[in-house]
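Here is the structure we will look at.
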Amino acid sequence: MIILKFGDIIIAVASLTIIAVLIMFPLTLAFTPTLGNFGGFMLSAVVAFLVSAIIVGYIFTRRIWEENRTRTIAKIAVLFTLLVMVAVLIENAASADWTPMVREDYLKANPGASPSTSDWYYIERLALVQDDFINVVLMFAIAFIGLYIGSILKKPART
């Protein structure tokens with residue numbers, strides 16, 4: 001019985017990340033002219049993460065099937081989601097452009113509102129937490145589904 005070791009999970013997550021980046025860039029270039037910046041980026045991200053998870057699930061089929069398949073896929077998906085979460089947090093910390101966007105969106109949804117400085121802090125913080133939440137839920141779901149699909153595409157050879 002071959003058991004997926006932590007090092008194997010790291011290799012799976014690294015592979016998932018590298019493959020996703022290699023797929024996402026050309027897709028973004030293709031989708032952005034027709035869907036715009038946000039739509040093109042988001043669609044290319046979802047497609048790239050799903051396809052890369054399917055590829056990694058396919059590559060690691062044997063080890064995924066020989067251990068508890070659901071638990072193994074969950075381990076890879078959780079670590080990948082953690083990596084994405086850290087990247088999103090770094091992106092939020094490095095970019096100051098989200099503040100005016102959050103304010104504009106809030107005032108558009110609540111015309112006539114005049115939040116205090118303290119209120120703005122919590123409104124902006126909540127917008128970032130919402131972004132983190134959406135990214136975590138989507139990345140875990142996409143990674144899990146993709147790895148599962150990839151692992152069932154090829155039945156492991158009996159040893």
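Each reported figure results from applying straightforward, stated rules to the coordinates on display, with no laboratory input. Small disclaimer: the values here were computed from a predicted structure and weren't measured. FYI the Cβ positions are ideal-geometry reconstructions off the backbone, even for glycines, and counts take in every protein chain you see.
Given the conditions (1) under 25 Å from PHE49 (Cβ atoms); (2) surrounded by 14 or more Cβ atoms within 10 Å (Cβ to Cβ); (3) free of Cβ contacts under 8 Å to residues at least 24 places away in the same chain, and given that ARG103 satisfies all but one, which numbered condition is not satisfied? Only one criterion is unmet by ARG103, namely (1).
Hey, can you tell me all the residues within the stretch 20-41 that are over 15 Å from ILE76 (Cα atoms), surrounded by 15 or more Cβ atoms within 10 Å (Cβ to Cβ) and under 18 Å from the mean Cα position of the chain (by Cα)? Matches in the stretch 20-41: ILE23, MET24, LEU27, THR28, GLY40, PHE41. State which residue is surrounded by the most Cβ atoms within 10 Å (Cβ to Cβ) when the search covers only the stretch 51-86 and only residues that are aromatic (Phe, Trp, Tyr) and over 19 Å from ILE134 (Cβ atoms). Among those that are aromatic (Phe, Trp, Tyr) and over 19 Å from ILE134 (Cβ atoms), it is PHE60.
Within the stretch 109-142, restricting attention to residues that are small (Gly, Ala, Ser) and over 26 Å from PHE49 (Cα atoms), which residue is surrounded by the fewest Cβ atoms within 10 Å (Cβ to Cβ)?
It comes out as GLY112.
Here is the figure for the stretch 39-95: residues that are free of Cβ contacts under 8 Å to residues at least 40 places away in the same chain and either in contact with a strand residue (DSSP E or B) (Cβ under 7 Å, 6 or more places away or on another chain) or not polar (S, T, N, Q) (or both) total 16.
Of the helices (runs of 4 or more DSSP H) lying entirely inside the stretch 1-119, those containing at least 2 residues that are over 24 Å from PHE144 (Cβ atoms) span 6-59, 69-94, 98-109.
How about the stretch 13-59: which of its residues are hydroxyl-bearing (Ser, Thr, Tyr) and more than 22 Å from LEU153 (Cα to Cα)? Within the stretch 13-59, THR28, THR32, THR34, SER44 meet the criteria.
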